[in-house]
Structures are given as structure tokens and as C-alpha cells.
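Q: Quick one: this structure, given as C-alpha cells, is what I'll be asking you about.
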Amino acid sequence: MLKTFELTLSLPENEKANYSMGSIMHGALMEMLPRELGEVLHQQEMRPYSQSIAWDSLRQKAIWRICTLSDGIETAFLQNLNEGKNLLLHKKGYNAVIERAVCLQQTSFKELADAAFEGDVPSHVGLKFITPTAFKQAGGYVFFPDGRLILQNLLLRWNALCDFMKIEEDNLADKLSGGFIMTRYHLLSTPFSLEGRYLTGFEGQAHFHLGGNDAVRRLVALLISFAPFSGIGIKTALGMGAVEKII
């Protein structure tokens with residue numbers, strides 16, 4: 001199953017969360033796992049989870065979202081993330097308390113595929129980039145929502161993590177991106193602090209037209225529906241690339 005969990009965290013007085021704390025939260029996650037599993041996950045290029053943290057100004061709470069893309073990783077994480085648990089954030093020098101933990105949504109690879117191939121096909125889709133998003137290309141970084149890079153990244157994640165159906169064809173990202181045209185955007189370039197260095201990413205909203213034949217549009221719609229669970233771009237396990245689908 002693919003699931004999105006939202007954990008409400010209580011921080012010490014006058015402390016607030018920001019998305020650059022994603023790497024700290026990832027460290028807290030890894031400390032909960034058996035060493036052998038942590039080593040296996042560290043070696044995987046496409047990890048079966050994504051996570052991010054943000055500050056909810058209305059509730060005055062830190063909101064930690066964890067998306068799991070396999071039953072095994074869900075069990076490994078969630079058995080250690082109970083309400084009332086104290087999380088020691090070493091680099092911050094304080095504890096965060098889990099006040100509430102809920103599953104916001106769940107589905108499966110098959111259900112995503114069934115919805116994409118059997119339902120109506122949208123002509124437009126939007127993405128909200130919640131935390132800084134960027135791509136690695138030709139040894140450098142790209143911090144703009146390039147359609148081909150978005151689809152290529154999602155294809156790699158789907159094929160690495162899905163044991164139900166592979167989406168493989170030569171130059172498929174090129175073929176799909178021809179019908180995935182950005183029509184408008186409202187974006188900001190933003191820094192993401194990662195272990196003493198800064199990466200530049202983008203956040204905000206981008207809207208795309210879905211063109212091409214029926215098969216192309218359905219494949220693109222499938223990948224976009226998958227994106228909120230997998231994240232998009234680099235460092236999604238460390239808090240970057242968190243996205244929501246906009247209807």
C-alpha cells in the first residue's frame with residue numbers, strides 16, 4: 001500500500017519548524033530502525049518513502065508528513081511513531097513530542113493504475129510544490145519544473161518501487177513530455193539547508209496541459225497521481241520535493 005501519514009509535533013516554547021529540518025527528521029527516523037534495515041535503505045537510490053516537515057502557523061505546531069510506498073517500510077516506521085512518543089532531535093538539542101498521528105490517504109499501485117486507465121482523462125493538472133524541489137542533470141542542478149524531468153523522475157521511481165506493473169519503453173519520458181505542457185506557474189526559488197550546505201530549489205504551483213493521444217494522457221495522469229506519495233526530484237527522503245496534486 002501507498003500511505004500518507006501526518007504527525008502533529010509539539011516543540012519547545014519559541015521553537016518553530018521549517019522545511020530544512022527535513023534532514024534532521026530523517027535522522028530521527030533512521031535511529032528508530034534496525035541497523036541492518038537502515039544500511040539497506042541508505043544504499044537504495046530510490047527509497048520506498050518520502051518525508052517533509054513544515055510549520056502550521058494556525059495551529060502553532062510542526063506538521064511532519066511521511067509517505068510510505070511499501071507495507072514493510074510502513075510497519076518499520078509506524079511501530080515507532082506512536083502518539084506521546086518523544087523524538088530526540090540531536091542537532092536541535094531538544095525533544096519533539098508526537099501529539100497526533102493520522103493516515104491522511106492510502107491507495108495501491110493497482111488502484112492508481114485502474115483509476116488512470118479506466119476513468120476519465122483530465123485535460124489539465126496542477127502540482128503544488130510544498131518544499132524546495134530540484135533535479136540533478138548533467139552534473140548540475142535544475143530548479144525549474146521542466147516537464148520532461150518531472151516525468152522522467154516519476155517513471156524511475158514507479159519502476160523501481162512498483163511490483164505490479166512496469167512502465168518501460170525507449171525514450172518514454174521524451175514521448176510523454178511532448179503532451180505535458182506547462183500553461184502557467186507561480187514559483188519562487190528557495191534555499192534548502194542540507195548538512196551545512198545550501199541547495200536551491202523551487203516551490204509554488206505549476207499547471208500543465210495534458211495533450212497527445214489517449215494512452216499518453218493516461219500515463220501522465222497516472223504518474224502525477226503517484227507524485228504526492230513518492231515526491232519529485234532529489235532528496236525526497238530528506239525533506240525536498242514534497243508535492244500535492246491540484247485538481
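The values are calculated or read from the model by the stated rules, or taken from the named source; none is laboratory data. Quantities reported herein were computed from a predicted structural model and do not represent experimental measurements. Here Cβ is always computed from backbone atoms with ideal geometry, including for glycine, and neighbour counts include all displayed protein chains. When the accessible area is computed, the model is the full protein with side chains, heavy atoms only, and any ligands, DNA or RNA have been set aside. Shrake-Rupley method; radii C 1.70, N 1.55, O 1.52, S 1.80 Å.
Q: Filter the cross-link list K91/K166; K136/K245; K16/K110; K3/K235; K3/K136; K85/K136 down to pairs whose alpha-carbon distance in this structure exceeds 31 Å. Provide the component values of the computation, followed by the final result.
A: On the way: K91/K166 40 Å; K136/K245 22 Å; K16/K110 39 Å; K3/K235 19 Å; K3/K136 27 Å; K85/K136 36 Å.
Too far apart for the 31 Å limit: K91/K166; K16/K110; K85/K136.
Q: If exposed GluC sites (Glu not before Pro) are those in a DSSP loop with at most 16 other Cβ within 10 Å, what is the longest stretch of the chain that has none?
A: With GluC sites (Glu not before Pro) excluded where exposed in loops, the chain gives 84-167 as its longest stretch.
Q: At a Cα cut-off below 13 Å, give the aspartates and glutamates reachable from K61, other chains included and same-chain residues fewer than 8 away excluded.
A: E6, E13, E15, E99
Q: Please give the per residue accessible area of the chain, computed with a probe of 1.4 Å over protein heavy atoms only, in Å².
A: I get 49 Å² per residue for the chain.
Q: Now for a separate question. Once both labels are modelled 7 Å past Cα along the beta-carbon direction, what's the V121-E99 spacing in nm?
A: Here the answer is 4.6 nm between the modelled labels.
Q: Shifting gears a bit: Find, among the trypsin sites (Lys or Arg not before Pro) in segment 17-88, those assigned to loop by DSSP (not H, G, I, E, B) with at most 11 other beta-carbon atoms within 10 angstrom.
A: R59
Q: Rounded to the nearest 0.05, what FRET efficiency is calculated for N171 and F144 with R0 set to 22 Å and r the Cβ-Cβ distance?
A: Result of the calculation: an efficiency of 0.55.
Q: Right, something else. Taking Cα centroids, how far is segment 63-110 from segment 151-170 in Å?
A: 26
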